Structure formats: C-alpha cells, structure tokens
1. Inside the stretch 109-127, can you point out the residues that are crowded, with 17+ Cβ neighbours inside 10 Å and more than 19 Å from Arg16 (Cβ to Cβ)?
2. Mind listing just one residue for me: the one in the stretch 70-84 that is touching a residue at least 40 places away in the same chain (Cβ under 8 Å) and open to solvent by 60 Å² or more (accessible area, probe 1.4 Å) and, of those, nearest to Thr128 (Cα to Cα)?
3. Assess whether Ile97 counts as being at pLDDT 95 or above and within 14 Å of Val124 (Cβ to Cβ).
4. Within the stretch 87-108, can one find any residue that is exposed (fewer than 14 other Cβ atoms within 10 Å of the Cβ) and within 18 Å of Pro13 (Cβ to Cβ)?
5. So, of the residues in the stretch 96-128 that are in contact (Cβ under 8 Å) with a residue 40 or more places away in the chain and charged (D, E, K, R), which turns out to be nearest to Thr61 (Cα to Cα)?
6. Restrict the check to the stretch 31-41 and report whether at least one residue is among the aromatic types (Phe, Trp, Tyr) and open to solvent by less than 70 Å² (accessible area, probe 1.4 Å).
7. Going through Val45, Val131 one at a time, which residue ends up being of a type outside the set (Phe, Trp, Tyr), surrounded by 13 or more Cβ atoms within 10 Å (Cβ to Cβ) and touching a residue at least 60 places away in the same chain (Cβ under 8 Å)?
8. Somewhere in the stretch 52-69, is a residue at pLDDT below 95, surrounded by 13 or more Cβ atoms within 10 Å (Cβ to Cβ) and of a type in the set (Phe, Trp, Tyr)?
Amino acid sequence: MTISSALVGTPIPEFRVESVSGEHIRQIALILRDPNPIHFDLAAVARAGMGDREINQGGTTMGYIIDMLAAWTGSAAHVTRISCRFRGNVRAGDTVIAGGEVLHQDGSVTECAVWADLADGTRVIDGTAAVTIA
C-alpha cells in the first residue's frame with residue numbers, strides 16, 4: 001500500500017522508543033536552555049510530586065510522532081502541520097509508542113489522527129497532522 005492509496009482508518013506504522021534516556025532528557029534541557037528542573041534534577045521532580053525520574057520535554061515526545069510520520073512518508077519534509085494536546089508526562093525509562101491513522105485525503109494532503117502512548121496504554125499526547133505525498 002502507498003500513502004496515496006491509504007483509506008480512512010488506515011493505521012500508520014507505529015514508532016517505538018523502548019526506553020527514554022534520562023541522559024538524553026538532560027542533554028536536551030541543556031541544548032534548549034530549559035531551566036525547568038524536572039528535566040535534570042531528581043530532587044526537584046520528587047518535590048513536585050512527579051515521581052523519581054526525569055520528565056521528558058513535551059516537544060521531544062511530540063518529536064516521536066514526527067519521526068513516525070517521517071518514516072511513513074519517507075521524509076520529515078512531508079509533514080506540513082502538527083497540532084497536539086499534551087495529556088501526560090513521559091519519564092526516563094518509559095517506553096513510548098507513537099501511532100496514528102488516516103482521517104481524510106484531499107489531493108496530495110493526508111490528514112491523520114496522531115498520538116503517543118506509554119507501554120501501559122496511557123495516552124500522553126493526541127492530535128492531528130497533515131502530510132503531503134508526491
């Protein structure tokens with residue numbers, strides 16, 4: 001099946017991150033100059049009542065959805081729009097599964113429902129995206 005022939009309801013092949021890296025979370029916080037200590041200070045995570053592991057940046061988790069769409073379409077350049085609602089946290093060590101399905105096609109534009117879930121099925125992001133096809 002090609003993307004151009006995808007029917008409404010066609011699932012997008014999932015993108016799986018087996019174990020979110022605490023070191024990667026800390027590095028992204030440094031790169032982005034993100035001062036929120038929940039990304040690098042375990043004592044701050046505990047004080048905030050958020051457990052005992054670093055909290056992944058929402059944008060990084062959304063990036064897993066973009067990775068899924070890029071793998072499906074052949075390039076991140078085909079992703080023309082993404083709109084997400086952040087519903088929960090991803091912590092270091094969590095498994096994240098990005099998924100989606102075709103909602104509508106109009107010419108070369110395919111509208112998709114997209115999401116990111118934890119391995120236990122907890123939905124941490126949901127939204128929509130548009131991709132183009134050649």
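1. Within the stretch 109-127, Thr110 is the sole residue that qualifies.
2. Of all residues in the stretch 70-84, those touching a residue at least 40 places away in the same chain (Cβ under 8 Å) come to 71-73, 78-84.
Narrowing further to those that are open to solvent by 60 Å² or more (accessible area, probe 1.4 Å): 71, 80-81, 83.
Details: Ala71: 17, Thr80: 11, Arg81: 8, Ser83: 5 Å.
Here the answer is Ser83.
3. Numbers: at pLDDT 95 or above: yes; within 14 Å of Val124 (Cβ to Cβ): yes.
Answer is yes for this residue.
4. Taking every residue of the stretch 87-108 in turn, none turns out to be exposed (fewer than 14 other Cβ atoms within 10 Å of the Cβ) and within 18 Å of Pro13 (Cβ to Cβ).
5. Asp126
6. Taking the stretch 31-41 first, the residues among the aromatic types (Phe, Trp, Tyr) are 40.
With the extra rule that they be open to solvent by less than 70 Å² (accessible area, probe 1.4 Å), the set shrinks to none.
Looking for residues that are among the aromatic types (Phe, Trp, Tyr) and open to solvent by less than 70 Å² (accessible area, probe 1.4 Å), one finds none in the stretch 31-41, hence no.
7. On the way: Val45 fails: touching a residue at least 60 places away in the same chain (Cβ under 8 Å).
That would be Val131, the only listed residue that is of a type outside the set (Phe, Trp, Tyr), surrounded by 13 or more Cβ atoms within 10 Å (Cβ to Cβ) and touching a residue at least 60 places away in the same chain (Cβ under 8 Å).
8. No, the conditions are met nowhere in the stretch 52-69.
The values are calculated or read from the model by the stated rules, or taken from the named source; none is laboratory data. Keep in mind that what you see is a predicted model, and the values were worked out from it rather than measured. With ideal geometry, Cβ positions are generated from the backbone for all residues, glycine too; neighbour counts draw on all protein chains shown. Quick note on the areas: whole protein, heavy atoms, side chains included, nothing else; ligands and nucleic acids left out. Shrake-Rupley method; radii C 1.70, N 1.55, O 1.52, S 1.80 Å.
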